[in-house]
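Colleague: What follows is a single structure, and I will ask about it in a moment.
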Amino acid sequence: MHRYGFQTSRYKDFNEHINSYILLRNEETAAIEKTATYKIEKAFPSATITKAQQVLAGTLPKSDPLHQEAAIDFDKMVDRLFELKELEPAEFLQFNFIIDTNTDQLLGILLRSPEPFNDPKTPLTELANTIQMSVGMGTKNDHKVLFSKDRASAFVTRANNTMNVAKGVHHFAFRYKLYNGNSYVEKAIELIDIDFNTVQ
């Protein structure tokens with residue numbers, strides 16, 4: 001175990017943490033040959049998609065029982081609506097592309113890690129830019145992120161709440177922040193590109 005932000009981290013630094021999604025490299029060329037990038041393909045009822053859009057937009061009626069079933073939006077989306085709670089624990093950083101087989105629409109990308117991306121006590125306002133994504137020539141402002149309570153998972157989707165993410169080269173920016181006693185400062189950044197066409 002190494003000390004990296006968290007006293008019992010398995011990673012020596014943020015770079016190693018984020019790049020744990022690389023499962024195999026060519027020994028001679030160092031080219032990436034295998035990554036933890038997956039498709040989760042499932043038929044979602046239209047009512048589920050509509051309710052998920054309401055969660056994203058903050059328009060879910062207060063009387064909806066989903067508010068009682070899950071306290072935060074990530075849990076409402078991933079555990080209750082998408083019913084992905086029973087996924088095996090992540091052993092490395094995973095990029096899970098969630099596809100509605102009814103429409104072939106890419107709803108978003110579920111990021112799962114065995115450790116938090118940032119200190120779970122970090123305020124959401126500070127977490128806002130710690131995971132960002134753009135597709136192709138688009139901007140990072142086109143997408144939003146929902147974080148799990150432990151900050152070890154995140155769901156990335158369209159900022160306009162349509163959950164219709166473009167299929168192309170997805171550019172991710174991961175930032176690690178630490179509190180210096182006065183404010184949160186960026187200590188590391190990792191940039192990852194994932195081509196949807198290579199996802200299995």
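Colleague: Taking trypsin sites (Lys or Arg not before Pro) as exposed when DSSP calls them loop (any state but H, G, I, E, B) and at most 14 other Cβ atoms lie within 10 Å, what is the longest stretch of the chain free of them, the sites themselves excluded?
Modeller: So the longest stretch without any such site is 150-200.
Colleague: Over all Cα pairs of the chain, how is the pair count split among 5 Å bins, expressed in % and running from 0 up to the last occupied bin?
Modeller: Here the calculated profile for the chain is 1, 7, 15, 19, 20, 17, 11, 6, 2, 1, 0, 0.
Colleague: Provide the gained length on full extension for the span E28 to T139, in nm with one decimal, where the gain is 0.36 nm per separating residue minus the Cα-Cα distance.
Modeller: Contour length minus Cα-Cα distance gives 36.4 nm.
Colleague: Would you list S134, S63, S148 from fewest to most Cβ contacts within 10 Å?
Modeller: By the 10 Å Cβ count, ascending, the order reads S63, S134, S148.
Colleague: To continue, here is another question. Within the set K42/K177; K62/K167; K42/K187; K62/K187; K34/K121; K144/K177, which residue pairs have Cα atoms separated by over 30 Å?
Modeller: Cα-Cα > 30 Å for K42/K177; K62/K167; K42/K187; K62/K187; K34/K121; rest within.
Colleague: For the chain, what is the percent of antiparallel DSSP beta bridges, rounded to the nearest 5?
Modeller: Around 85 percent of the beta bridges assigned by DSSP in the chain are antiparallel ones.
Colleague: In nanometres, what is the gap between the two model label sites at D119 and E186, each 7 Å from Cα along Cα-to-Cβ?
Modeller: My value for the distance between the label points is 1.9 nm.
Colleague: Simple spin-label model, 7 Å along Cα-to-Cβ: A128 to E86 in nm?
Modeller: 3.9
Read the figures in this text as sums done on the coordinates, not as results from a lab. Fair warning: this is a prediction, and the values are worked out from it, not measured in the lab. For neighbour counting, all protein chains shown are included, and Cβ atoms are generated from backbone atoms with ideal geometry for every residue, glycine included.
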